[in-house]
Amino acid sequence: MKRILTIIMAIAVSTAAMAKEETGEKKYKFGYDGGMMLHTGLLTGQIREIGYQAQGMPTGIGGAIKFHIGKYFRVGSEGYVSTMKQMKNGSTIKFGWGGILADVRFTTRILMPYIGATIGGGARTSTLMFEGSNKDWVEEESVIFHKQPFLAIAPFVGTDFIVTPKFHLTLKFDYLCPISGGTLLMPTGPRLYFGFLMFH
């Protein structure tokens, strides 16, 4: 993980040193964009410690900010919370994560496709009720509450839809890979994001 992060930061720094506009004199080109995104997806996988097969469609919200380095590169950070309901009784599996991102973008007249990855970490919080419901005040005996931190890498690909030079809509897919103790934490799967970005 540390080696990957070091490589990404080295690329970003070296790119920043070379980024310039060819206008007769050397200038650094700088800008930034940021906004909010909603997401859903399809997650599945067995929590091996208890033999529970989790699956479902998470929902969540978060945001990102990206600093422009030259014409094609961006670095920044993002963070999200994603909650997946289980067993229709109030049980949930929640992921909260964030980290440093880097991506490469290309611009057409109406689209701005991009590809990159985020490296960071977060926590998976599982609240699983194997009987009863969260809608009553009855004490439940068969309940598991567990919180586990993780490191993560999340490759992503997406595109902006350029509404105006200052306002974009964005559509993104990612695949969060949360790792703790050398083991991939389940459930995992693709997530789909949709939101807006403001460019400065």
| remark: Over segment 181-191, the set of residues at pLDDT 95 or above, part of a strand (DSSP E or B) and either open to solvent by less than 60 Å² (accessible area, probe 1.4 Å) or among the basic types (Lys, Arg) (or both) is Thr188, Arg191
| task | Check off (1) of a type in the set (Val, Ile, Thr); (2) at pLDDT 95 or above; (3) closer than 30 Å to Val138 by Cα for Ile100 and give me the number that stays unchecked. | result | (3)
| note | Checked pairs for segment 181-200, first farther than 30 Å from His68 by Cα, second open to solvent by 70 Å² or more (accessible area, probe 1.4 Å) and assigned to a loop (DSSP other than H, G, I, E, B), C-beta under 8 Å and 6 or more apart or across chains, list as Met186/Arg48
| said: Being small (Gly, Ala, Ser) and more than 19 Å from the chain's Cα centre (by Cα): is that true of Gly90 here? | reply: yes
| task | Specify which of the listed residues (Thr125, Thr170, Thr164, Thr183) is more than 14 Å from the chain's Cα centre (by Cα), farther than 28 Å from Met87 by Cα and among the β-branched types (Val, Ile, Thr). | result | Thr164
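The values are calculated or read from the model by the stated rules, or taken from the named source; none is laboratory data. Note that the coordinates shown come from a computational prediction; the quantities given were computed from them, not determined experimentally. All Cβ positions, glycine included, derive from the backbone under ideal geometry; neighbour counts span all protein chains shown. Ligands, DNA and RNA are stripped out before the accessible areas are found, and what is left, the full protein with its side chains, is counted by its heavy atoms. Shrake-Rupley method; radii C 1.70, N 1.55, O 1.52, S 1.80 Å.
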